[in-house]
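The values are calculated or read from the model by the stated rules, or taken from the named source; none is laboratory data. Nothing here was measured: the structure is a model prediction, and the numbers come from that model. Here Cβ is always computed from backbone atoms with ideal geometry, including for glycine, and neighbour counts include all displayed protein chains. Surface areas here come from the heavy atoms of the whole protein model, side chains and all, with no ligands, DNA or RNA. Shrake-Rupley method; radii C 1.70, N 1.55, O 1.52, S 1.80 Å.
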Amino acid sequence: MTYTLIVLGSGQDGGSPQVGSLSHGTSQRTASSIAITSDVADPIVFDASPDLRLQYRRLCEHTSDGVGLDGVFITHGHMGHYGGLIHFGKEAAATDLLPLFAPASVLSFLKANEPWATLFSRAHLDPVPIDETTASIGDLTIEAITVPHRSEFTDTVAYSIALRDEPWVLYLPDIDSWGEWPQAEETISRHRISLLDATFSSIDELPGRNIAEIRHPLVPDTIERFAHLTTDHTIVLTHINHSNRLGADDDPTTSMAREHGFVIAYDGLILEHD
Ligand SMILES: [Zn+2]
Ligand SMILES: [Zn+2]
């Protein structure tokens, strides 16, 4: 049995280029999402991004056209992470009780607001709160870990994905700062692969916006904190904002990340596991 991790989207919620800032984009990125495929079950997807339709097409390149999903996991209630749920409704896929795993606060938020509420009342989605339990899908066990991140609407979680009881993937696209989450290093060092928030490389990236209101760790800080883990672990930088040149060959932070053994995510990046 082969399990494959596919980075479906490597961008921040608005993707890159972003509406209103077409000239800033350095790479084409859809909003953050990953999928896990296997030869024994349908894929599962982490975060339903607004770009889900395009990402599904990429997923089919690695599975088969028309494949269903065994479940969708949502990290939190910011638009880049649940907006794609719209594609499961009556006007589109019209799924039948597709399991939707999410923190209870995310499920309450969705059920209280249209057009999401209808997805539940019409039984397109089957809500499964994941705060105090784990989900088992085939050989995978998935656990939600609460992390500090702007909670205007909902809590935020990272997902820990174990394969045959061995921690495999940590998916952590959004966090306010590493300093507010003391378990960061221990949690990353337990997983073979960690996909981490790399939204911004510099506080100067968004002229005219107060970056204090959209807090994320800066990539150089992430590199400094976790570089010593890259010899034994794969650390993937993802959720990259349209203003962030991370990934461009002439970008100094890109050079720093590569020198310290980090992987910079791109849409379609594949990591396999037997
Ligand atoms: Zn986000
Ligand atoms: Zn967020």
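Charges only on Cβ, +1 for Lys and Arg, -1 for Asp and Glu: so what's the dipole of segment 3-273 about the Cα centre, in debye to the nearest 20?
500
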### Summary
Both in Å, the radius of gyration and Dmax of the C-alpha trace of the chain are 17.6, 51
### Task
Considering only DSSP beta bridges where both residues belong to the chain, give the percentage that are antiparallel (nearest 5).
55
### Summary
Probe 1.4 Å, heavy atoms of protein chains only: per residue, the accessible area of segment 3-273 in Å² is 43
### Query
Just Asp13, Asp221, Asp232 to compare: in a GNM of the chain, with alpha carbon springs under 10 Å, which one fluctuates most?
Asp232
### Query
When the helices in the chain are scored as -39500 (n - 2.57) per DSSP H run of 4 or longer and the sum is shared across all residues, what 222 nm value do you end up with, to the nearest 500 deg cm²/dmol?
-5000 deg cm²/dmol
### Message
List the trypsin sites (Lys or Arg not before Pro) within segment 151-252 that DSSP assigns to loop and that have no more than 14 neighbouring Cβ atoms inside 10 Å.
### Response
Arg164, Arg209
## Note on the structure
Expected max-MSF residue from Asp51, Asp155, Asp65 in the GNM of the chain (alpha carbon, under 10 Å) is Asp65
### Query
What do you get for Rg/Rh over segment 70-216 if you use C-alpha atoms and the Kirkwood form of Rh?
0.99
### Summary
Those trypsin sites (Lys or Arg not before Pro) from segment 1-107 that are DSSP loop and have at most 13 other Cβ neighbours within 10 Å turn out to be Lys90
### Summary
Carbon plus sulfur, as percent of the 1.4 Å-probe accessible area of the chain, comes to 48
#### Entry: Translational D in µm²/s for segment 22-72 (Stokes-Einstein at 20 °C, 1.002 mPa s, Kirkwood Rh from C-alpha pairs)
180
### Task
Pick out, from Ser151, Ala92, Gly261, the residue whose Cα sits farthest towards the positive end of the charge dipole of the chain, with +1 on the Cβ of Lys and Arg and -1 on the Cβ of Asp and Glu.
Ala92
### Query
Considering the chain as a Gaussian network with a 10 Å cut-off on Cα pairs, which listed residue, Ser27, Ser201, Ser64, attains the greatest mean-square fluctuation?
Ser64
### Query
Which loop GluC sites (Glu not before Pro) in segment 118-173, with loop taken from DSSP, have no more than 14 other Cβ atoms within 10 angstrom of their Cβ?
Glu132, Glu152
